[in-house]
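What follows is a short report on a single structure.
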Amino acid sequence: MDIFEQKRRIITTAIVAVVMTGIIIAAVVSAPLINQIHTQAAQTAGGVADAKAENVRAVFDQHQDLARQTASRSELAKVLGQYAKGEVSAGVVHTFSRPRLQDAARIIEDLAVLIRYDAAGNELVRVGPWANDLPADIPLSDTLDINAFALVSGETSGPLLQAASPILAEGRVVGYDQLLFSPDSLTRVFQGQPDSSLCLLDNQRTKRVILNPQTDQIELTAPEGCLAVRQGVSTRDRSGAFRARLDDGSRVLTFHRPLAGYGWELHMYTRTSRVFADVIVDIMISILAILMLSALAGLLVWRSLKPIVGAMVKQTSQIARSTEELRLAYQVFEHTHEAILITDANFMIVRANPAFSDITGAEHRALHGKPLTDFLDCQKGKGVVLEEIRKQLVTVNAWQGEVWLKGHQGLTIPNLMTVSPVRNKNGQIRQLVLTFSNITERVQAEKQMIRLAHYDELTGLPNRVALENHLEQAIQQARRENSHFALMFLDLDKFKPVNDNYGHQVGDELLRNVGKRLKHCIRSSDVVGRRGGDEFVVITGPLHGDDDAKPIADKIVAVLNETFHIQEHNIQIGASVGVALYPDDGMAAEDLLKQADAAMYRVKTSGRNAVAYA
C-alpha cells in the first residue's frame, strides 16, 4: 500500500474521531517521543564533533611525540651540551648532528624540515625535504602551531604544522628541535560527510585552518570565515553548541570543542536538514496526520515512529558493543601476562604492552621505533632469521618458533614467539602482531631429558650412549689428523664385597667417588664415562705416541688404589685396566671395544689391579 492510500485512510478515520480529542492525544503522545528523537539526533551529531576533536588532538599528539623523540637522542644532546659550555664550536655541532638528523628525518612521514636550535634560539642545523626552500629566519615556536611561510622562491608555502621540544643535557635545556610537517595527516580528519564543514581556530582567533573542497588541500585563512567569530560566540560557552544560519539561508547546528593541551579549538557545523532530515520528515507527516485525524491517528503516529526509535536504539547498541569490544581488546593487550608486540612489516616496534617492558626492562616509550632484533639473543636456541619469517608469512600466513628474549641484568628467557600478519585491503602486510609465551619450564625439562639420556644418573658421567658418540668422534678426529688415541676399559676390583658387606648405599657412594677421582686424574682432553655396574671407560685425547697411554693408565690404577673413606668406613679397592690403541688395535669402535675388553679380562684372570694392552 502506497503513502497516498495510507494518507487517505488516515484522513477518513480522523473525520470519524473528535478533532479536539485527536489534538490532545497528539500533544500527549507525540511530544515526548519527538523530543527524545530530536535530542538523540543532536547528541549523535555532537558525538561526531567529539570524535573529530579527538582525531585532531591525536594528530597533534603524534607530531609532538615525534619532536620529543628527535630531541631525546642522548648522543646529540651531549654534543649540544658541550657547545652550550663552549667546549665545541657550532661547526662541530653541525658536522656531528647533520647526518644523524638526516637519518631520523628520512623515516618521519610528512616531514618538511627539522631544525635544531641552541638554547638561545639560534638555528644550528636544518635537514629535510624543504630545508633549502623555507626562509632562514623561522622563529622557534613554544607551542604546537600551524603557519604558512614565505619561500625562498618568493611564493608562500601552504600551512605547515610546527612542533618543538627542548633538548636536555645534564638536567638543563641546551637547545630545541623544531619539526615542520605538511598537514596531509589532517586532511583525512577534515574529510567528512556532505552538508558538514570543519575548521580549526586558534585560541586568539587570529587564523583559521580549513579544507578547500575544490582542491582538497588544507589552507590557512582569516578567522572571519568561522561562524563562531561572526556570531561572537565565546569558547567559554559550556554548551559547546549553538544554532546559526549560513549566507545561503541554510540553518546549521554548530559545535565547538577545545583541543586540550593545545592552543586550538575545533569548529564543526552540520546542516540541520541533514541532522534531523529523516526525523523531521517522519515527525511532520505524523504530526500533520495526528492533528488532522482523531485519537486513533495519534496511536498510528506513535506506531509509525516506533521503527525509527528501534533503529536508533539498535544502532546505539551496536556502537556500544563495538566500544566494549575495543575496550576489552585494550584490557587484554595491557593486562595479559604474555608479552605482545605490534611492529611494522620490517619488525620495527610500533607498540608494546607492559608485560614486554617488564620482561625486557625497557621503558615503554623508548621501545617505539626500535628493531625487534635489539631484544633477541640470536646466538641461543635455533636462531631467528627475519627473512625466513617473512617468507613463511607470505606462504603460510603465520610463523611460530623458539626465541630468547633479553631480560633484566643480561638474563635471557626462552619464549615461543608467534607472528601473525595484519594485512590491508590489498592483501599487503602492513603490521605484525607478535606474542611471546614463556617456555622456560619446557626448555629445562628438555635439557633434563637430554641429560638423562646421555649421562649416568648415579655418577653424572657420560653413559654408554654418550661414550659411543665420543668414541666415534675420537675416531673421526684421529682419521682427519692422522693421530693416535687410547681406549681404556676399567673394571673395579673387590667391588662386590663392598656391596655385600656395607650395603648398596655405600656401594653407590663408592661409585660416585670413583667417578670424581677419575675425572680429576685424567687430562682435560680425555673423556671418562660409566658403562654400567662397576665398569668405566676412558677415551684419551690425541697422543704423541702409543707409549703416552701408559702413564695415564698407571695413574688411574694408582688413584683407585688409594683408600676411600665412605660413611665412616675405610674401603680399599683396585682396578683392572685394558687398553686398546687406535689405529694399531682397530680402526672401528666395535673393534677397539672388543680389544680393550679382552685386555681387561686378561688382567682379571692374571691377578687383577694392573694394566694390560691389547
Spans of helices (runs of 4 or more DSSP H) in region 447-523 with at least 2 residues under 28 Å from residue 588 (Cβ atoms): 464-481, 504-521
Here's a check for you: in region 35-71, which residue that is in contact (Cβ under 8 Å) with a residue 24 or more places away in the chain and of a type in the set (Gly, Ala, Ser) is most open to solvent (accessible area, probe 1.4 Å)? 42
Test: residue 359 is surrounded by 18 or more Cβ atoms within 10 Å (Cβ to Cβ) and not acidic (Asp, Glu): yes
Region 219-267, subset modelled with pLDDT of 80 or more and on the phi > 0 side of the Ramachandran plot, residue least open to solvent (accessible area, probe 1.4 Å): 249
Residues of region 454-465 that turn out to be surrounded by fewer than 18 Cβ atoms within 10 Å (Cβ to Cβ) and either of a type outside the set (D, E, K, R) or farther than 28 Å from residue 576 by Cα (or both), as a count: 5
If you take the residues in region 586-612 that are touching a residue at least 40 places away in the same chain (Cβ under 8 Å) and either assigned to a loop (DSSP other than H, G, I, E, B) or touching a helix residue (DSSP H, G or I) at 6+ places or on another chain (Cβ under 6 Å) (or both), which one is surrounded by the most Cβ atoms within 10 Å (Cβ to Cβ)? 611
For region 145-153, does any single residue satisfy the condition of being open to solvent by 20 Å² or more (accessible area, probe 1.4 Å), touching a residue at least 60 places away in the same chain (Cβ under 8 Å) and out of contact with any strand residue (DSSP E or B) (no Cβ under 7 Å at 6 or more places or on another chain)? no
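Sort through 555, 550 and tell me the only one that's open to solvent by 30 Å² or more (accessible area, probe 1.4 Å), more than 22 Å from residue 453 (Cβ to Cβ), charged (D, E, K, R) and in contact with a strand residue (DSSP E or B) (Cβ under 8 Å, 6 or more places away or on another chain). Working first, answer last.
Working: 555 fails: in contact with a strand residue (DSSP E or B) (Cβ under 8 Å, 6 or more places away or on another chain).
On inspection, the qualifying residue turns out to be 550.
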Of all residues in region 471-494, how many are under 14 Å from residue 554 (Cα atoms) and either without any contact (Cβ under 8 Å) to a residue 24 or more places away in the chain or among the small types (Gly, Ala, Ser) (or both)? 1
Are any residues in region 378-388 modelled with pLDDT of 80 or more and open to solvent by 40 Å² or more (accessible area, probe 1.4 Å), and if so, which ones? 387, 388
For residue 226, indicate whether it is of a type outside the set (Ser, Thr, Tyr), closer than 30 Å to residue 39 by Cα and under 38 Å from the mean Cα position of the chain (by Cα). no
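Test of understanding: among 169, 228, 164, which residue is touching a residue at least 12 places away in the same chain (Cβ under 8 Å), among the aliphatic types (A, V, I, L, M) and more than 30 Å from residue 70 (Cβ to Cβ)?
228
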Please go through region 568-585 and give me each residue that is open to solvent by 50 Å² or more (accessible area, probe 1.4 Å) and over 30 Å from residue 501 (Cβ atoms), ordered by number. 584
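So, in region 315-347, exactly how many residues are closer than 22 Å to residue 387 by Cα and either open to solvent by 60 Å² or more (accessible area, probe 1.4 Å) or among the small types (Gly, Ala, Ser) (or both)?
2
Which ones in region 558-567 are open to solvent by 20 Å² or more (accessible area, probe 1.4 Å), outside any helix (DSSP H, G or I) and in contact with a strand residue (DSSP E or B) (Cβ under 9 Å, 6 or more places away or on another chain)?
Result: 563, 565.
Please go through region 152-178 and give me each residue that is closer than 28 Å to residue 259 by Cβ and part of a loop (DSSP other than H, G, I, E, B), ordered by number. Talk me through it step by step, then tell me what you get.
Taking region 152-178 as the starting set, the residues that turn out to be closer than 28 Å to residue 259 by Cβ are 156-168, 173, 175-178.
Listed by number, the residues that qualify are 157, 158, 159.
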Among (1) in contact (Cβ under 8 Å) with a residue 24 or more places away in the chain; (2) under 22 Å from residue 338 (Cα atoms), residue 466 falls short only on (2)
Neighbours by Cβ (under 9 Å, 6+ apart or cross-chain): first from region 501-517, under 18 Å from residue 536 (Cα atoms); second open to solvent by 60 Å² or more (accessible area, probe 1.4 Å) and among the hydroxyl-bearing types (Ser, Thr, Tyr): 510/502
For the condition closer than 24 Å to residue 252 by Cβ and open to solvent by 60 Å² or more (accessible area, probe 1.4 Å), what is the one hit in 195, 137, 142? 195
Filter result for the condition that a residue is over 54 Å from the mean Cα position of the chain (by Cα), open to solvent by 90 Å² or more (accessible area, probe 1.4 Å) and at pLDDT 90 or above, over 520, 504, 544: 504
Can you name every residue in region 198-218 that is open to solvent by 60 Å² or more (accessible area, probe 1.4 Å) and either of a type in the set (Phe, Trp, Tyr) or in a strand (DSSP E or B) (or both)? 217
In region 391-447, which residues are small (Gly, Ala, Ser) and more than 20 Å from residue 341 (Cβ to Cβ)? 410, 427, 445
For residues that are open to solvent by 20 Å² or more (accessible area, probe 1.4 Å), closer than 26 Å to residue 146 by Cα, out of contact with any Asp or Glu (no Cβ under 7 Å at 6 or more places or on another chain) and among the hydrophobic types (A, V, I, L, M, F, W, C), tally how many sit in region 77-127. 4
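Open to solvent by 90 Å² or more (accessible area, probe 1.4 Å), of a type outside the set (Phe, Trp, Tyr) and either within 25 Å of residue 372 (Cα to Cα) or at pLDDT 90 or above (or both), is that true of residue 451?
Criteria not met by residue 451.
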Among (1) over 29 Å from residue 106 (Cβ atoms); (2) touching a Phe, Trp or Tyr at 6+ places or on another chain (Cβ under 6 Å), where does residue 353 come up short? (1)
Selection from region 403-446 of residues that are open to solvent by 70 Å² or more (accessible area, probe 1.4 Å), of a type in the set (S, T, N, Q) and farther than 25 Å from residue 346 by Cβ: 409, 438, 444
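The values are calculated or read from the model by the stated rules, or taken from the named source; none is laboratory data. Keep in mind it's a predicted model, so treat the numbers as computed, not measured. Quick reminder, even Gly has a Cβ in these numbers, built from the backbone with ideal geometry, and neighbours come from all protein chains shown. SASA here: full protein model, heavy atoms, side chains in, ligands and nucleic acids out. Shrake-Rupley method; radii C 1.70, N 1.55, O 1.52, S 1.80 Å.
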